[in-house]
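Presented below is the structure to which this report refers.
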Amino acid sequence: MLVRNAIRAALVGTSLTLALLGGQAVAAPTESPHDTAAPEVLTYDAGGSAEFADAVDSGVNVWNESVKAVRLEPVKDGEQANVRIVADDGWPRAETTSLGNGTVYMGREAVQEGHDTIRIASHELGHILGLPDVKPGPCSSLMSGASAGTSCTNAKPDASEKAEVEENFAQGSAATEKFERTLVFQD
């Protein structure tokens, strides 16, 4: 009888413990792929950007702080860059060969007219990241480019522009195929 009571007490204790711990299962919150996946790294060579080197660095920082799916980093010696950035006397423009690849021209003509160099750099890098021009557009839209006027110095993408870049790079090779053609964005 003593053994039977001991077994019964053990079973009741185990049942009570399971009942207290059982409860409803709750799934742990899942992280978005953008939070867990390493960003795609694109390298850039700003060696030909001349007097625009600081503006290019600032434009790169804008994008690196704005999106998680892609990161721009200076090319290492001996490697080929995804993006080449050069200064010239024309109007700023970007020539893309595929998503994340191409040439940015930091045109002096727009600077002579009074356009902000950091906005130009950030805007042209936006083309490399897959964004089209949005013209005419407000100053709050980075991709409105020169249509926002010379008083506009906003170099940051708006929420929809950030989301589009995130989506472009979240799609991986599917997005790359969509962008595999030479496009020239003359701003």
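Where the centroid of each part is defined by its Cα atoms, how far is segment 134-161 from segment 83-127 in Å?
Distance between centres, Cα-based: 14 Å.
By how many nm would the segment from S140 to A159 lengthen if fully extended, with 0.36 nm per residue of separation less the alpha-carbon distance?
Gain in length upon complete extension: 5.9 nm.
When DSSP beta bridges are limited to those with both residues in segment 30-147, what percentage is antiparallel, rounded to the nearest 5?
If I count the DSSP bridges inside segment 30-147, around 25 percent turn out antiparallel.
When only Cα pairs under 8 Å and 6 or more residues apart are kept, what is the percent relative contact order across segment 27-136?
RCO, segment 27-136: 26 percent.
Under the rule a/c < 1.5 gives rounded, and otherwise a/b versus b/c splits prolate from oblate, where does segment 94-136 land using the Cα gyration tensor?
Here segment 94-136 falls in the prolate category.
Read the figures in this text as sums done on the coordinates, not as results from a lab. As the structure is a computational prediction, the values presented were derived from the model and not from experiment.
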